[in-house]
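What follows is a single structure, written as structure tokens, with notes after it.
The values are calculated or read from the model by the stated rules, or taken from the named source; none is laboratory data. If you're wondering where the values come from, they're calculated on a predicted model, not measured in any experiment. All Cβ positions, glycine included, derive from the backbone under ideal geometry; neighbour counts span all protein chains shown. For the accessible areas, the whole protein counts, side chains as well, though only heavy atoms, and no ligand, DNA or RNA atoms are used. Shrake-Rupley method; radii C 1.70, N 1.55, O 1.52, S 1.80 Å.
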Amino acid sequence: MSSIQVRPATLRDAKVIAEIHVAAWQDAYRGLLPDATLDALSVQKRQAFWREAIDLCEPQVMVAHLDNEVMGFVGFDRSRDKGTPSTTGEIWALYANPVHWDKGVGLALWDAARDGLQEEGCTKVTLWTYLRNERGLRFFELAGFKRELGSAKTTEVGGTRVEELRLQRSL
């Protein structure tokens, strides 16, 4: 179908990962999170975060690319949720550049993360998303994730209360 490739991220990818992270948040969460919060997102701060993540391999970070253009990224590792067994992995982040939405980038990243988690011995994977993130929910439900009953929690982002829920699936 496409020739999108996925590879481990390098420190050189941190800036483009940060740019994609900010652009995807601004497009996907407009109307869900406060405009002021989205407009204040800093590529520089995100770049520092992703440089450290790539350097420490926590989480593992992979990028999807086509003709050397990075189109999206995924961060995954063991679950950060208290009380989960070591065989539970977590998708920490999965974002595609909005100009590449609906082109198979997310699926390529999910496939790579699933393979990586299985190699680590994980038998289950979870992720957290906003309840009103309809695009993300649709994507993950098509990938076989189910909403985890009783997992909903309220967090505050930029002074606005937002509902999150955990999705899970077997690997």
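Structural remarks
- Counted charge near S151, where neighbours are those whose Cβ lies closer than 15 Å (Asp, Glu -1; Lys, Arg +1): +2
- Within the chain, longest stretch free of exposed trypsin sites (Lys or Arg not before Pro) [DSSP loop, at most 15 other beta carbons within 10 Å]: 1-79
- 3J(HN,Hα) couplings calculated from phi for segment 145-156 with the Karplus curve 6.51 cos²θ - 1.76 cosθ + 1.60 (θ = phi - 60°) are, in sequence order, 6, 10, 5, 8, 4, x, 8, 4, 9, 9, 10, 10 Hz; Gly and Pro show x.
- Solvent-accessible area, 1.4 Å probe, carbon plus sulfur percent, for segment 1-147: 49 percent
- For segment 1-145, the solvent-accessible area works out to 53 Å² per residue, with a probe of 1.4 Å and every protein chain left in place.
- Remark: segment 1-158 projects, on average over all directions, an area of 9.6 nm² (convex hull of Cα atoms).
- Extension gain for R30-D55 works out to 5.9 nm (0.36 nm per residue, less the C-alpha to C-alpha distance).
- Using a Förster distance of 22 Å, the FRET efficiency for K82-E141 (Cβ separation, nearest 0.05): 0.30
- For the chain, built as a Gaussian network whose Cα springs stay under 10 Å, the top-fluctuating residue of G150, G75, G121: G150
- Inter-site label distance for R169 and D67 at 7 Å from Cα along Cβ, in nm: 3.0 nm
- Residue pairs, from the table K15/K103; K45/K103; K82/K146; K82/K103; K45/K124, whose Cα atoms sit over 26 Å apart: K45/K103; K82/K103; K45/K124
- Along the chain, counting only GluC sites (Glu not before Pro) with a DSSP assignment other than H, G, I, E or B and at most 16 other Cβ atoms inside a 10 Å radius, the longest segment between sites is 1-119.
- Each residue of segment 119-128 was assigned a 3J(HN,Hα) from its phi angle through the Karplus expression (A = 6.51, B = -1.76, C = 1.60, θ = phi - 60°), giving 4, 7, x, 7, 10, 8, 9, 10, 7, 10 Hz with x at Gly and Pro.
- Our helix-only sum for the chain, with -39,500 (n - 2.57) per DSSP H run of n ≥ 4 divided by its residues, gives a mean residue ellipticity at 222 nm of -10500 deg cm²/dmol.
- Calculated from backbone phi, Karplus (6.51, -1.76, 1.60) coupling profile of segment 79-88 in Hz, x at Gly/Pro: 4, 8, 6, 4, x, 8, x, 5, 8, 9
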